[in-house]
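To start, the structure under review is shown below, and the notes come after it.
The values are calculated or read from the model by the stated rules, or taken from the named source; none is laboratory data. This structure is a prediction, so every number in the text was calculated from the model and none was measured. Note that we place each Cβ from the backbone using ideal geometry, even for glycine, and neighbour counts take in every protein chain shown.
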Amino acid sequence: MLSRNRSMAQRGFTLIELLITVVLSSLVGVLIYTVFISQTEAYRQQADMGTMQQNLRIAMEMVTRDVGSAGFGMAGDGGTWGLDGQDGQPNVPLYGIRIIDDWLTAGPDAIEMMMMSPDRNNWGFTSNEVARHRCDTETITFTPSYAAAAGLFDSSTSTNRIMCFSPVGRLGRPASYLWSVAGVGDASAGTVPITAGTQTDYTAQCNRGLPWMMACGPVRHVAYYIDSNDTDGFGIGSAALPVLYFVPDLGASQGIYPSATDIPVALGIEDLQFQTCEAGTSVDCELDSSWTPGYDLTGTSAWDNLGGIRVNMTARTIRPDLNRVSVSSPIDIDPLDFTIAASANLDGYHRRVARTEVKTRNSIGAWQMMQSQAF
């Protein structure tokens with residue numbers, strides 16, 4: 001009897017018991033794997049969405065900061081007279097803002113902004129009590145208190161241009177002049193060598209001499225554009241990964257993108273559009289119908305009529321969501337821009353659209369000054 005009980009105790013699992021064990025283990029393993037994959041995909045999706053939101057926030061913050069400063073130190077018409085005219089034409093003003101709203105197949109959406117450096121530590125002031133500046137002057141002379149600022153200017157560096165502004169020029173309105181620096185500024189003497197202005201717009205506005213007092217500083221000429229071209233040999237942007245780029249020193253390269261010195265700002269910025277409202281024409285900027293795409297100061301638009309700029313931006317995730325390819329497609333935030341077709345194929349990317357309105361305080365300031373002047 002004892003021998004029989006020992007034999008039964010040593011007996012192994014039956015085939016059915018093993019099969020049941022294997023099946024149950026497999027089900028548990030599949031369940032754990034399914035939960036793991038689901039959690040991993042959810043984490044990946046949330047990480048991608050968070051990155052997209054962060055990229056959109058950074059891109060919007062940088063663009064709106066410069067939009068709000070555009071035109072600082074510019075004349076009453078929103079331009080500066082002299083070197084580097086709009087589109088590279090030397091005999092027309094270079095304006096504080098240029099919106100390239102629809103490039104179609106020729107290139108990316110872009111905005112260019114011009115201003116005098118807002119850093120007052122880099123400014124110098126002129127006065128007729130120190131030196132009278134003729135229109136054909138080849139030297140800008142600062143007052144002794146600001147002589148050190150002259151040492152900032154150097155024709156071989158990014159401070160190779162100088163802008164001077166006066167709230168009331170010789171023609172009784174805000175004036176802004178731009179010259180090319182012709183050497184190295186002398187910090188002890190307070191002098192900056194320049195190439196004399198001979199451009200048509202410059203000579204028409206100078207009118208018997210430059211203003212008695214001017215604030216002068218380095219030029220800040222920047223641009224933002226979207227790079228989605230991976231065949232031009234520049235940048236990291238492509239159709240699969242559009243990138244918002246920043247041009248820190250546009251110079252004479254207006255509308256010419258990209259270049260090797262451009263800086264990537266944010267990945268996944270797919271579309272960039274701008275609308276403007278001319279509050280100076282007595283329209284109500286609270287109404288959506290008062291906002292129109294683009295802006296052209298070389299045409300009939302007037303700088304002192306501009307009340308605000310609306311920035312519209314679309315961002316997408318860097319990677320597509322393979323589980324949701326049927327619910328995502330490119331967003332056309334401007335019907336006039338055909339670079340992103342409204343009927344484009346579904347692609348699985350998650351997208352977000354951001355929009356904000358920026359008051360163009362410098363154009364509003366120009367309107368206030370222009371209204372106070374009697375012409």
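Brief remarks follow.
- Of all residues making up segment 307-335, the number that are under 29 Å from S282 (Cβ atoms), modelled with pLDDT under 90 and aliphatic (A, V, I, L, M): 1
- Restricting attention to segment 336-370, the residues that are modelled with pLDDT of 80 or more, outside any helix (DSSP H, G or I) and of a type in the set (S, T, Y) add up to 3.
Residue-wise test of (1) closer than 28 Å to T292 by Cα; (2) out of contact with any strand residue (DSSP E or B) (no Cβ under 6 Å at 6 or more places or on another chain); (3) aromatic (F, W, Y).
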residue: D66; (1), (2), (3): yes, no, no
residue: L83; (1), (2), (3): no, no, no
residue: L94; (1), (2), (3): yes, no, no
residue: M114; (1), (2), (3): yes, no, no
residue: N122; (1), (2), (3): no, no, no
residue: R132; (1), (2), (3): no, yes, no
residue: T137; (1), (2), (3): no, yes, no
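- Candidate set: segment 262-286, residues that are part of a loop (DSSP other than H, G, I, E, B) and under 15 Å from the mean Cα position of the chain (by Cα); chosen: the one surrounded by the fewest Cβ atoms within 10 Å (Cβ to Cβ): D262
Rundown of residues vs (1) surrounded by fewer than 16 Cβ atoms within 10 Å (Cβ to Cβ); (2) aromatic (F, W, Y); (3) under 22 Å from G88 (Cα atoms), yes/no style:
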{"residue": "H133", "(1), (2), (3)": "no, no, no"}
{"residue": "T157", "(1), (2), (3)": "yes, no, yes"}
{"residue": "S166", "(1), (2), (3)": "no, no, no"}
{"residue": "W179", "(1), (2), (3)": "no, yes, yes"}
{"residue": "Q199", "(1), (2), (3)": "no, no, yes"}
{"residue": "A204", "(1), (2), (3)": "yes, no, yes"}
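- Close pairs from segment 268-292: first within 16 Å of T360 (Cα to Cα), partner part of a strand (DSSP E or B) and among the basic types (K, R), Cβ under 6 Å, at least 6 apart: Q275/R310; W291/R310
- Checked against the criterion of being over 30 Å from M62 (Cβ atoms), under 27 Å from the mean Cα position of the chain (by Cα) and either at pLDDT below 90 or among the aliphatic types (A, V, I, L, M) (or both), the candidates N91, N128 yield just one match: N91.
- Residue check, M213 aliphatic (A, V, I, L, M), within 18 Å of W81 (Cβ to Cβ) and at pLDDT 95 or above: no
- Members of segment 15-29 found to be of a type in the set (S, T, Y) and at pLDDT 80 or above, listed by number: S25, S26
- Checklist (1) under 30 Å from R120 (Cβ atoms); (2) at pLDDT 80 or above applied to D48, failing item: (1)
- Filter pass, G71 being part of a loop (DSSP other than H, G, I, E, B) and over 13 Å from the mean Cα position of the chain (by Cα): yes
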